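Notes follow once the structure below has been shown.
The values are calculated or read from the model by the stated rules, or taken from the named source; none is laboratory data. Note that this is a predicted model, so its numbers are computed, not measured. Cβ atoms come from the backbone with ideal geometry, glycine included; neighbour counts cover every protein chain shown. Ligands, DNA and RNA are stripped out before the accessible areas are found, and what is left, the full protein with its side chains, is counted by its heavy atoms. Shrake-Rupley method; radii C 1.70, N 1.55, O 1.52, S 1.80 Å.
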Amino acid sequence: MMRLASVLLASFMLLSQATAAQTIEEKSFDDSKVTYGTVGARYIPVPEKRIKTRVQLDTDKYDYDLFGRESFEYFPLQLGNGQYKVTIFENVVDTKYRVVKTQDVKAELENPRDVYLASIQTVNWNKDMAAVKKAAELTKNLKTDKEKIVAIYNFVVDYMSYDYEKIKNIDTTYVPDVEQVWKDKQGICYDYSAMFAAMLRSQGIPAKLIKGYTTNVTGYHAWNEVYLASEERWMVIDTTYNSVLKKKGKTSTMEQPAEKYTASREF
């Protein structure tokens, strides 16, 4: 009887370990928001190492640094509907990585613009943020999306100042923290575009954060494309460029000519 009890206990422990391992595996990804255009990922390396996430559809892919340990970080499914492969990589040595987790998720969005309303790693927002509360205040009595876009645009251009020192020492893994940017009242183009997008998204206005190049600025740059529903089109808006011009006493229009901007990545 004692022997049988020991065998049963051992079997139970093995089953419990297997179940626990399965639970940990499942919790590396969160696909509960796929219908809204995002997928969550997290991973706790032992010992602490640099972690990356890849979101891939067919041959197109986006790679991100993954900072989420206990908490999920969410990434956009901006490549269209289809079967995505989401992979977590752990650094081995130098620039070499190994695959530690992978999962397939199927995106079937009725409206692809929903991706650009979501809270994601690069445009992280929630209703309790000061910037989001300000967006609600600015748009409270406004009726059209165009009016709301203009109000938030004017605020960001006036409120923010370009941080010339920050750009000199920026790390390649840098991702804007909208709350910190709000407190600092200054930042680089990535900060401007993240805060502008967060404020617009909180008001139900699709806004892309774009990285690429423009003839207006030297070097790699970030700006926004904002969806104007009344005209069924995307507008190019560069709050950084216009903010700098305004503080120099120069004038500019909110919408920039699309032909002056070349996107390489969009979020």
- Return the pairs, sorted by first residue and then second, in which the second residue is loosely packed, with under 15 Cβ neighbours inside 10 Å, the first residue lies in the stretch 61-88 and is over 15 Å from ASP104 (Cα atoms), the beta carbons are less than 6 Å apart, and the residues are 6+ apart or on different chains. ASP65/THR173; ARG69/ILE44
- Where in the stretch 27-86 are there strands (runs of 3 or more DSSP E), lying fully within it, with 2 or more residues that are modelled with pLDDT of 95 or more, surrounded by 14 or more Cβ atoms within 10 Å (Cβ to Cβ) and hydrophobic (A, V, I, L, M, F, W, C)? 38-41, 51-57
- Query: Within the bounds of the stretch 193-209, is there any residue that is more than 26 Å from ALA130 (Cβ to Cβ) and either modelled with pLDDT of 95 or more or out of contact with any Ser or Thr (no Cβ under 9 Å at 6 or more places or on another chain) (or both)?
  - Reply: no
- Out of the stretch 163-177, which residues are touching a strand residue (DSSP E or B) at 6+ places or on another chain (Cβ under 8 Å) and either outside any helix (DSSP H, G or I) or open to solvent by 60 Å² or more (accessible area, probe 1.4 Å) (or both)? ASP163, THR173, VAL175, PRO176
